[in-house]
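The values are calculated or read from the model by the stated rules, or taken from the named source; none is laboratory data. This is a predicted model, so every value here is computed, not measured. Backbone-built Cβ (ideal geometry, glycine too); neighbour counts: all protein chains shown. To get the accessible areas, we keep the full protein, side chains included, count just its heavy atoms, and leave off ligands, DNA and RNA. Shrake-Rupley method; radii C 1.70, N 1.55, O 1.52, S 1.80 Å.
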Amino acid sequence: MSKEDPVTDPAKTDDQAQARMGRRSKVEPYKEKVLDWIKGEPGIQSIAIVERLREEGYDGGKSAVYDFVRKHRPPKQPDGIVRFESVPGEFAQHDFGQIVVEYQDGTRERIRFFASQLRYSRTVRVRVVPDETVETICYSVFEAYDYFGGMPLIGVFDNSRTIVTKRDGKKITCVGDCLNPEQSAGRHRWP
């Protein structure tokens, strides 16, 4: 027969030890109300709980309330969005952007650019472009792939008006065959 103490839950042991140390928290008399509020409104902000407690007569600091709420709030549920990392060569993302630049003489100019990024390495290629046409997309994508040293398995485009030509609920119609360089060779003029 062993003379050792039975194994206990370390979280309970820590809570019991902490409960015996120092003075009692000013939140303690309001513990049940706070737990009810958290249970009834899982997304309630801690500052709202502090305000409700003040209406109930709480005269302590907000840090004690924040600590109590953090320990007793249920964990957040996943938002349904799956974030993932890719493998080298899997895909690149492409999108247009623009910025307004103000020069020292006070004049302003809108500058358009096309950005391409490899998902895995985060290598970025940005090109100043004259417009947001299909022809510009084609040349910019080819130049990006040349810069990257090859073409990934998938090229992902954002919700650009140039690419998405029609919507019907969740069904999206996109520009077809835009990556055929022979169709537009010699017609594109860079600034």
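Of everything listed in (1) over 29 Å from G89 (Cβ atoms); (2) touching an Asp or Glu at 6+ places or on another chain (Cβ under 9 Å); (3) among the small types (G, A, S), the single unmet condition for S160 is (1).
If the condition is being assigned to a helix (DSSP H, G or I) and open to solvent by 50 Å² or more (accessible area, probe 1.4 Å), then region 135-153 contributes Y139, F142, D146, Y147.
For region 1-56, a residue qualifies if it is at pLDDT 70 or above, more than 17 Å from P74 (Cβ to Cβ), part of a loop (DSSP other than H, G, I, E, B) and open to solvent by less than 80 Å² (accessible area, probe 1.4 Å), and the qualifying residues are D9, S25, V27.
In summary, G97 fulfils each of the numbered conditions (1) open to solvent by 60 Å² or more (accessible area, probe 1.4 Å); (2) at pLDDT 85 or above with the single exception of condition (1).
Do the conditions hold for E85, that is, is it open to solvent by 70 Å² or more (accessible area, probe 1.4 Å) and modelled with pLDDT of 90 or more? When the stated conditions are applied, E85 does not pass them. Taking each residue of region 57-69 that is in a loop (DSSP other than H, G, I, E, B) and looking for partners that are β-branched (V, I, T) and surrounded by 16 or more Cβ atoms within 10 Å (Cβ to Cβ) with beta-carbon atoms closer than 8 Å, six or more apart or interchain, yields Y58/V27; Y58/V50; Y58/V65; G60/V27. Checking the stated criteria, F113 turns out to be under 26 Å from the mean Cα position of the chain (by Cα) and surrounded by 13 or more Cβ atoms within 10 Å (Cβ to Cβ).
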